[in-house]
Amino acid sequence: MGDVHRYDVPGTWPTWCPGCGNFGIWNAMKNAYANMDLAPHNTAIVCGIGCSGNLSYWINTYVLHSLHGRSIPVAQGIKLANSDLTVIVHAGDGDTYGEGLAHLLHAARRNIDITVFVHDNQVYGLTTGQPSPTSFKGTKWKVAPEGVFASPVTPLPLAIIAGATFVGRGFSGENKHLIELMEKAILHNGFSLVDIGQPCITFNHVNTWKWWNDHVYKLDETGNDRFDYELALKKAQEAGDKIPVGVLYEVERPTFDDEYRSLNTETLAHTPIDDIDVDKLMARHL
Amino acid sequence: MNNSRLNWKIGGEAGYGILTVGEIFSKAFVKGGYHVVAHPEYPSLIRGGHNTFQLRIDAQRIRAPIQPVDILVALNAETIELDLNDLVPGGVLLYDMKSFNVAPTREDITLCDVPLTQLVTDLHLPKVAVNMAAMGASVALIGYELALLSTAIQDAFEGKGEKIVEQNVSAARAGYDYVKRAYPEPYKGGLGPTEGPSRMTLTGNDAICMGAFKAGMKFIAIYPMTPTHNVMTYIAAHAREYGVAMVQPEDEITGINMAIGASFAGARSMVATSGGGFSLMVEGLGLAGATENPLVVVEGQRPGPSTGLATRTAQADLRFCLHASQGDFFRVVLAPGDPEECFYETFRAFNLADTLQTPVLILTDKHLGTSFFTTEPFETLGLTVDRGLLLTERKVTTDFIRYETTATGVSARTVPGVEGGMFNSNSDEHDERGYFSEDAPVVAASVDKRCRKHFTAAALLEGIKFHGNDSSDTVLVGWGSTKGAILDAMEFLKTRDGVDLGFLQVLFMSPFPSQLVKERLVGRRVILIENNRGAQLGSLIKEHVQIRPDRTILRYDGRAFNADELCERIKGVL
């Protein structure tokens, strides 16, 4: 087990609102990395834009703080170029389920070995409180005074159907549970999505700490079979009085990056390129 | 007409292998020592549309198509309806009179009736083989050697097995034999093999792919889009051999972001698209600029805006490429003019992307990217990969500052996996360590750093080429794929009209070679030639060196300039 503080950026402290759900995710993340002894220099974290993406400033690994919605494509490029790296995405619900939903589904079907942690606070916080794709229908906001008209995105069943081989949900308030869930997701060989419920204490007055505590229950305390596809789809859609947290679904399937890995003995990023012969190509045009 | 040059065109229904035929026919003449320029024209359809392939053959160096054609091969009635006026008076229309009942409306041409369908039916071959028979018939009509055509057919089909090769060769031979018997006199005395060095036949996009392979490109993402579809085909065919990962992403947004990720991880990366796809990539271009990750972008232009003309040509995306993305950062924009430049400049583009740590855009178009040209094999001996300030050590022991302020604007770079080299490759405005900053002096310093690369690049690059007569009072100015038509038009002007002009080719649009452009243009009469309506290079020249072209020759109907047409238009404004 490694030292949690090796992932701290010295002299910095997060600017999230005191009491923000992001602190729980940040803490769980560092503990998960420490438990797994992830070498910071062999870890590439890709962040989106939003309160979640600002995590990029408070984690001492290689980080690419990318665009809103595009962290999954960037992460895939990193993994394909160097499959020796542990590649992890930290992005928000607006990032992943709004602007980047297509990327999520395609990454899932590719089953590329990256892990996506979605900090799902059901609100756009950094832009001062607009409804997000996961905001509940009917909830009222400054910009939706009549209440949200559309039903929320259901990312977890979508990801399972799209082909994700590891799908889970965590809650920022269940830290020990979240640490274990994160470790499992990272260890899984293939595309992993973990949706992490987190209160936004400033702008989301529906999904509060109390709301979350009242609604979550732990799947592993119910004898759930995470390898059962049909059951997983059913559990992933539970959104009523009780919301399951834990591993919803897991399966082994060949990964996209393994297919590409067969191209080279070395990773693409480390293949020597100083003396590449194109005479053979030219000969084909003669 | 002497017997060292010929202009041949074939037309047929989409699905009849017109492009394949064109390629094979081109190679048959290149093998006999000729230069060729060949261009397909086709609507954006898979079946039923009208496709043509025009081939200019010459013993001398040629670079662009011309009109009219000497021989027109019609595999469908539409070719006669649409292309008959392309025939020179005295030219030959070769077709199968029994196959379609269309009476040619011109009397100043010769008809060469060849029962193509019957010939392939007699050989028990599928009807599509009429294209081979038509090539054989053409070879006989031209008085050229069947053996060279047979070799070209063999090269094209050898991957498909001996039987397929033999069938195609036999169809060609049948066409050849028929014409030899029925029309023993070759057209204008015939065109025999000539002496010439071994040359390659290739498209601009082929050359870009070769340049990218040579440069050590390891990652490429391409969403299919004409006219860079053939980049995808070429890379896919050789990806395993060269250890390159090619991904077909769900959209161009994904493509460019994947490429940025791969580049951040240390692999030389590229994307290729057209204007529409590049529109989707613009956000990603800014990400590469802000994070200072190297990236090569190929933008194969076609007419726009929006869907435009998918399979035609234009040069109207220059301003777009120069300005794409919000905010201040430096990008290189260059425009090769022929396959040779496509190869060398693509190789250089990867070096520039690495040494400047910023995006490099290569502007081509449908004409350059998909037409076939002949060129001698590229000299690769002097080509050296330069990865700039990429740290190759696996461990950094000193305090590493990724975005350190430097005189060049470029700072040392590590990649994930290097111990002690961690940093935040940050799309937010950031300080020297990549940490987000809104502090006014820090912000200004960061913007300055990115923009300072402009001067670093300008000091490295020549940016122009000057061709022809440098003491001429009148100078032609152009960029990109018009180079071929301009050079050939100059050749016509010199040999036919005794007018010896100079030509300023602008190769780099960013950094703009202001000083060199000014030196060549000041005090001279300037004729600007572009494949767009807005005279975009002209506006750049005005902006940077305050010189206004005296005359502009613009074409924006989706077609490239023909050399002879351009020659006439130049004469009209001399």
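Given the structure, is B:D550 among the acidic types (D, E) and over 22 Å from the mean Cα position of the chain (by Cα)?
yes
Among the candidates B:G417, B:G421, which residue alone is within 14 Å of chain A (Cβ to nearest Cβ), small (G, A, S), on the phi > 0 side of the Ramachandran plot and not in a strand (DSSP E or B)?
Every option except B:G417 fails the conditions.
Any idea how many residues of the stretch A:251-286 are over 17 Å from A:R110 (Cβ atoms), in a loop (DSSP other than H, G, I, E, B) and in contact (Cβ under 8 Å) with a residue 24 or more places away in the chain?
Residues of the stretch A:251-286 over 17 Å from A:R110 (Cβ atoms): A:264-267, A:269-286.
Subset that is in a loop (DSSP other than H, G, I, E, B): A:264-267, A:271-278, A:285-286.
Narrowing further to those that are in contact (Cβ under 8 Å) with a residue 24 or more places away in the chain: A:267.
Qualifying residue count for the region: 1.
Scan B:T408, B:T374 and give me the residue that is touching a residue at least 40 places away in the same chain (Cβ under 8 Å), surrounded by 16 or more Cβ atoms within 10 Å (Cβ to Cβ), assigned to a loop (DSSP other than H, G, I, E, B) and of a type in the set (S, T, N, Q).
Answer to the check: B:T408.
Somewhere in the stretch B:349-359, is a residue more than 30 Å from B:M225 (Cβ to Cβ), modelled with pLDDT of 95 or more, open to solvent by less than 20 Å² (accessible area, probe 1.4 Å) and within 13 Å of chain A (Cβ to nearest Cβ)?
No, the conditions are met nowhere in the stretch B:349-359.
So that you can scan it fast, the table gives a plain yes or no per residue for (1) touching a Leu at 6+ places or on another chain (Cβ under 7 Å); (2) of a type in the set (G, A, S); (3) part of a helix (DSSP H, G or I); (4) open to solvent by less than 40 Å² (accessible area, probe 1.4 Å):
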| position | (1), (2), (3), (4) |
| --- | --- |
| B:I527 | yes, no, no, yes |
| B:G534 | no, yes, no, no |
| B:L537 | yes, no, yes, yes |
| B:I547 | yes, no, no, yes |
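List the helices (runs of 4 or more DSSP H) inside the stretch B:102-191, counting only whole elements, that have at least 2 residues being more than 23 Å from B:K9 (Cβ to Cβ), more than 30 Å from the chain's Cα centre (by Cα) and touching a residue at least 24 places away in the same chain (Cβ under 8 Å).
Passing ranges, in order: B:162-182.
Assess whether B:T79 counts as being under 27 Å from B:D564 (Cα atoms) and open to solvent by 70 Å² or more (accessible area, probe 1.4 Å).
Here the answer is no, as B:T79 does not meet what is asked.
Looking only at the stretch A:222-250, count every residue that is open to solvent by 50 Å² or more (accessible area, probe 1.4 Å) and part of a loop (DSSP other than H, G, I, E, B) and tell me the total.
11
Among the residues of the stretch B:4-29, how many are within 22 Å of the chain's Cα centre (by Cα) and open to solvent by 10 Å² or more (accessible area, probe 1.4 Å)?
6
Got a number for residues in the stretch B:306-326 being among the hydroxyl-bearing types (S, T, Y) and either touching a helix residue (DSSP H, G or I) at 6+ places or on another chain (Cβ under 6 Å) or over 16 Å from B:T226 (Cβ atoms) (or both)?
Total meeting the criteria: 2.
Take the residues in the stretch B:423-459 that are of a type in the set (A, V, I, L, M) and free of Cβ contacts under 8 Å to residues at least 40 places away in the same chain; name whichever of them is surrounded by the most Cβ atoms within 10 Å (Cβ to Cβ).
Within the stretch B:423-459, the match that is surrounded by the most Cβ atoms within 10 Å (Cβ to Cβ) is B:V442.
If you check A:D84, A:D37, which single one turns out to be open to solvent by 10 Å² or more (accessible area, probe 1.4 Å), closer than 20 Å to A:A185 by Cβ and within 8 Å of chain B (Cβ to nearest Cβ)?
A:D84
Determine which member of the set B:I220, B:I208, B:I260 is among the β-branched types (V, I, T) and facing chain A (nearest Cβ under 9 Å). Step through it out loud before you land on a result.
Working: B:I220 fails: facing chain A (nearest Cβ under 9 Å); B:I208 fails: facing chain A (nearest Cβ under 9 Å).
Being among the β-branched types (V, I, T) and facing chain A (nearest Cβ under 9 Å) holds for just one of B:I220, B:I208, B:I260, which is B:I260.
Restricting the stretch B:30-51 to residues that are open to solvent by 20 Å² or more (accessible area, probe 1.4 Å) and in a loop (DSSP other than H, G, I, E, B), which is nearest to B:D96 (Cα to Cα)?
Taking the candidates together, the pick is B:G48.
The values are calculated or read from the model by the stated rules, or taken from the named source; none is laboratory data. Worth saying up front: this structure is predicted, and the values here are computed from it rather than measured. Counting neighbours? That spans all protein chains shown, and the Cβs are built from the backbone with ideal geometry, glycine included. Side chains are part of the model used for accessible areas, which takes the heavy atoms of the whole protein and leaves out ligands, DNA and RNA. Shrake-Rupley method; radii C 1.70, N 1.55, O 1.52, S 1.80 Å.
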